[in-house]
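Visitor: One structure, as structure tokens, below. Some questions next.
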Amino acid sequence: MKQESGDTPMAAFIPGKRKYLFCFDEIGMSLLEKIMADIRAKDIPFEIFHFSHQESALPAWLSSQKMGCYLYIAVSRKYLYQIMCLAEAAGFSEEEVQLIGYGDKEIHLFCCRCHSITELAAAANKHAEQLCSCCGLLLTVSSHYSPLRNAYLGYPAII
Amino acid sequence: MKLNELDLFPYPFHDDVYRYSNNSVLMDKPSSVEITPNYLEEINLKRKLLGSSPARCFQSLPYAKKAQWEVLEIVAQQLADSYPDKFSLDKKGKNWVFCNTLLNENHSFIIGDDSTLPHEPLDFIGRHVQEDLILMMQRDGDLYLDAGQLCFPANWSLAFNLGMKFKEIHNPIPGFKEEKLDDRILGFLLRVEAGNPWQRKNWSLMAGNRMDTSLETYDQWGKDRKKVTRENAGEFVYLRVEVQKILRMPRTNGILFTIHTYLLSLDEFCQNRKWLEQFYSILSELPEYIAEYKGLSMYKDQVLQYLKDKMKRGD
Ligand code: HEM
Ligand SMILES: [Zn+2]
């Protein structure tokens with residue numbers, strides 16, 4: 001998965017795909033405008049999805065897509081991780097997705113045991129396990145997100 | 001075993017196949033809480049947990065105070081109405097006296113005045129009932145978890161879930177979003193009316209008979225799942241059923257969600273032949289994603305073996 005982590009996130013056009021999918025929030029839309037305009041001009045099939053947090057239609061939209069689609073996701077880094085998990089669950093491979101995040105570069109991991117927060121790079125690998133910086137429990141990062149805590153829930157990695 | 005434990009157990013199944021669905025039904029006899037023979041034991045455990053792990057067991061947001069008082073009023077009133085030999089609620093204007101004869105406690109307070117209670121209102125009344133109490137406030141067509149007392153969770157964290165919307169809370173459940181169950185259940189909850197409460201049952205299996213299976217202590221009790229064998233399943237594995245009640249609060253328009261947890265060992269459960277047979281069908285057909293989410297994949301086969309042995313022996 002190509003991930004933009006610079007200060008001014010940019011989406012790169014990847015040519016030659018059968019169909020393009022764009023999933024974005026309000027600010028994310030502006031980051032994809034140029035590519036969407038190009039694709040419109042070239043008459044290539046595309047579909048868009050306006051993301052809002054806790055959008056329950058997104059998994060269905062992702063799973064309804066056929067093979068050979070290329071997916072752009074441009075949202076706040078807060079939600080990037082969650083959407084990445086949804087895309088993966090819907091069968092998208094790393095090569096078929098481009099993530100364009102804006103906002104904070106850190107995501108927070110909430111320790112299920114001691115409730116402390118550990119900061120992780122927003123680009124952190126979903127499958128990597130993380131030590132709680134406070135109690136040392138080895139945690140897996142889940143896609144369960146709390147807006148109040150502004151954090152993802154970490155479950156014990158080993159039972 | 002108390003004689004009537006089997007009779008009191010809320011058998012959770014209807015069909016030979018189990019899937020996630022909205023299995024809520026209108027209550028015949030409206031109530032928010034129930035007293036069972038385990039009352040003293042469970043109240044003692046609750047109070048111990050609240051003392052030793054307050055952040056794990058009670059959480060609240062400041063703007064839910066008024067609704068917390070309504071929870072206190074609903075639950076205290078119902079206790080006095082349903083169990084007049086055990087509880088009483090005496091109201092003289094704003095001066096209320098709540099008596100709990102099971103615990104030999106009298107509490108006088110001024111309704112609406114936080115300073116007259118030893119704990120926040122929901123935390124206070126929760127210490128008199130076996131149920132966990134969750135307060136969901138309704139705003140902008142959604143329900144938010146704004147306060148709760150949770151001592152006996154089925155592996156989730158109240159501290160993490162505080163402030164979440166209904167659908168955010170249910171995000172970890174496989175298939176919920178994909179099948180739009182979360183949309184449908186939320187729609188249902190928003191339409192629940194005061195005076196017409198609903199209830200549903202949820203079930204799971206547990207290795208061991210701990211009531212406090214919090215996510216915070218999962219690294220301790222989760223290990224027990226590895227100890228289940230075909231031979232020890234009868235004594236060691238428990239069916240865990242939550243009777244959940246859903247009440248609309250008339251004044252603050254919140255939803256009071258109460259959870260009463262029951263545990264029954266498989267040996268006791270299997271004394272009922274029909275239960276044994278139906279549960280065997282359900283478990284042998286249960287899809288892996290549900291078994292995995294409920295945390296029973298690791299020992300499902302051992303339990304199936306045990307149930308099979310039991311059925312053979314009974315013939
Ligand atoms: C309004 C109050 C409710 C609250 C606060 C609530 C809360 C929860 C929580 C915290 C979980 C565990 C999630 C996790 O793994 O982190 C859960 C699971 C679940 N909830 Fe709810 N819930 C409510 C109402 C309902 C209703 C009305 C239904 C269905 C009609 C429902 C269906 C379920 C199901 C099926 C599960 C998975 C249980 C399992 O497989 O063991 N919930 N709920
Ligand atoms: Zn920790």
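We did not get these values from a lab; they are worked out from the coordinates using the rules stated. This is a predicted model, so every value here is computed, not measured. Neighbour counts run over all protein chains shown; Cβ positions are idealised from the backbone, glycine included.
Visitor: Per the helix-only calculation at 222 nm, which mean residue ellipticity applies to chain B, given -39500 (n - 2.57) for every DSSP H run of n ≥ 4 and division by its residues, nearest 500 deg cm²/dmol?
Guide: -9500 deg cm²/dmol
Visitor: Step through the residues of segment A:27-35 one at a time and calculate ³J(HN,Hα) from phi using the Karplus curve (6.51 cos²θ - 1.76 cosθ + 1.60, θ = phi - 60°), rounding each to whole Hz and writing x for Gly and Pro.
Guide: 6, x, 4, 5, 7, 10, 3, 5, 5
Visitor: Looking at B:TYR63, B:PRO10, B:ILE259, which one has the Cα that reaches farthest to the positive end of the dipole of the protein assembly as shown (charges on Cβ: Lys, Arg +1; Asp, Glu -1)?
Guide: So the residue we want is B:PRO10.
Visitor: Using the Karplus equation 6.51 cos²θ - 1.76 cosθ + 1.60 (θ = phi - 60°), what ³J(HN,Hα) coupling, rounded to whole Hz, does each residue of segment B:295-300 give in order, writing x for Gly and Pro?
Guide: x, 10, 4, 4, 10, 4
Visitor: At a threshold of 8 angstrom on Cα-Cα distance, excluding pairs fewer than six apart, so keeping six or more, what relative contact order does segment A:2-102 reach in percent?
Guide: With pairs under 8 Å counted, the relative contact order is 42 percent.
Visitor: Sequence neighbours fewer than 8 away in the same chain don't count; with that in mind, list the lysines whose C-alpha is under 21 Å from B:LYS310.
Guide: Candidates past the 8-residue exclusion: B:LYS227, B:LYS274, B:LYS300.
Visitor: Hey, another quick one. Quick one: what are the phi-derived ³J(HN,Hα) couplings along segment B:28-38, Karplus 6.51/-1.76/1.60 with θ = phi - 60°, whole Hz, x for glycine and proline?
Guide: For segment B:28-38, the Karplus-derived couplings read 5, 10, x, 7, 9, 9, 9, 9, 10, x, 7 Hz, x marking Gly and Pro.
Visitor: Taking the Cα centre of the protein assembly as shown as the origin, how large is its charge dipole in debye, to the nearest 20, when only Lys and Arg (+1) and Asp and Glu (-1) carry charge on their Cβ atoms?
Guide: 200 debye
Visitor: Given a cut-off of 21 Å, name the pairs among B:LYS46/B:LYS165; B:LYS167/B:LYS294; A:LYS19/B:LYS177; B:LYS48/B:LYS294; B:LYS29/B:LYS65; A:LYS19/A:LYS42 whose C-alpha atoms lie farther apart than that in the structure shown.
Guide: Correct reply: B:LYS46/B:LYS165; A:LYS19/B:LYS177; B:LYS48/B:LYS294; B:LYS29/B:LYS65.
Visitor: Continuing with this model, one more query. In a shell of Cβ-Cβ distance under 13 Å around B:CYS99, excluding B:CYS99 itself, what net charge do Lys and Arg (+1) and Asp and Glu (-1) give?
Guide: -1
Visitor: Given contacts defined as C-alpha pairs under 8 Å and at least six residues apart, what's the relative contact order of segment B:1-145, whole-number percent?
Guide: Contact order relative to length: 22 percent.
Visitor: Follow-up. From the helices alone, meaning DSSP H stretches of at least four residues, give me the mean residue ellipticity at 222 nm for chain A, per-run term -39500 (n - 2.57), in deg cm²/dmol to the nearest 500.
Guide: On the way: 3 runs with 36 residues, N = 159.
Calculated at 222 nm, the ellipticity per residue is -7000 deg cm²/dmol.
Visitor: Let me ask you something else. Could you state the angle between the C-alpha long axis of helix B:273-285 and the longest principal axis of the C-alpha atoms of chain B, as a value from 0 to 90 degrees rounded to the nearest 10?
Guide: 80 degrees
Visitor: Semi-axes, largest first, in whole Å: what does sqrt of 5 times each Cα gyration tensor eigenvalue give for chain B? The partial results should precede the final answer.
Guide: Values: eigenvalues 233, 100, 66 Å².
Equivalent ellipsoid semi-axes, largest first: 34, 22, 18 Å.
Visitor: For B:VAL237, which sequence-distant residues (separation of 5 or more, or a different chain) have an amide H within less than 5 Å of its own amide H, given hydrogens modelled in the peptide plane?
Guide: Under 5 Å from the amide H of B:VAL237: B:GLY208, B:LEU266.
Visitor: Test of understanding: what is the full-extension gain from B:ASP183 to B:ASP15, defined as 0.36 nm times their sequence separation minus their Cα-Cα distance?
Guide: The B:ASP183-B:ASP15 span can extend by a further 58.1 nm.
Visitor: In addition: Using unit Cβ charges (K, R positive; D, E negative) and no other charged atoms, how large, in debye to the nearest 20, is the dipole of chain B about its Cα centre?
Guide: Magnitude of the dipole: close to 80 debye.
Visitor: Here's something else I'd like to know. Which one of B:PHE58, B:PHE152, B:PHE176 has the biggest mean-square fluctuation once chain B is modelled by GNM with Cα springs under 10 Å?
Guide: B:PHE176
Visitor: How far apart, in nanometres, would the label points at B:ARG139 and A:ALA121 be if each is projected 7 angstrom from Cα along the Cα-to-Cβ direction?
Guide: Distance between the two pseudo-spin positions: 3.7 nm.
Visitor: Taking a point 7 angstrom from the Cα of B:SER52 along the C-beta vector, which residues in segment B:194-234 have backbone N less than 14 Å away?
Guide: Counting only backbone N, you get B:210-214, B:216-218, B:220-221.
Visitor: What distance in nm separates the simple spin-label points at B:ILE290 and B:LEU190, each placed 7 Å from Cα in the Cβ direction?
Guide: The modelled label-to-label distance comes out at 2.8 nm.
Visitor: Same structure again: I need to check one value: relative contact order of chain B, counting alpha carbon pairs closer than 8 Å and at least 6 residues apart, in percent.
Guide: Relative contact order of chain B: 21 percent.
Visitor: Among B:GLU193, B:GLU242, B:GLU131, which one shows the highest mean-square fluctuation when chain B is modelled as a Gaussian network with alpha-carbon springs under 10 Å?
Guide: B:GLU193
Visitor: For B:TYR63 paired with B:ASP85, estimate the spin-label separation in nm (one decimal), with each label point 7 Å from Cα along the Cα-to-Cβ line.
Guide: 4.6 nm
Visitor: Return the equivalent ellipsoid semi-axes of the protein assembly as shown as a descending list in whole Å, where each equals the square root of 5 times an eigenvalue of the C-alpha gyration tensor.
Guide: Whole-Å semi-axes of the equivalent ellipsoid: 42, 29, 21.
Visitor: Among B:GLN68, B:GLN199, B:GLN220, which one shows the highest mean-square fluctuation when chain B is modelled as a Gaussian network with alpha-carbon springs under 10 Å?
Guide: Highest fluctuation of the listed residues: B:GLN220.
Visitor: Kindly state, to the nearest 0.05, the FRET efficiency for B:LYS29 paired with B:SER297, given R0 = 45 Å and r defined as their beta-carbon distance. Write out the running numbers ahead of the final one.
Guide: On the way: r = 38 Å, r/R0 = 0.84.
The formula returns an efficiency of 0.75 here.
Visitor: If R₀ is 41 angstrom, what is the calculated FRET efficiency for the pair B:SER115 and B:GLU5, using the beta carbon separation as r and rounding to 0.05?
Guide: Between B:SER115 and B:GLU5 the formula returns 0.45.
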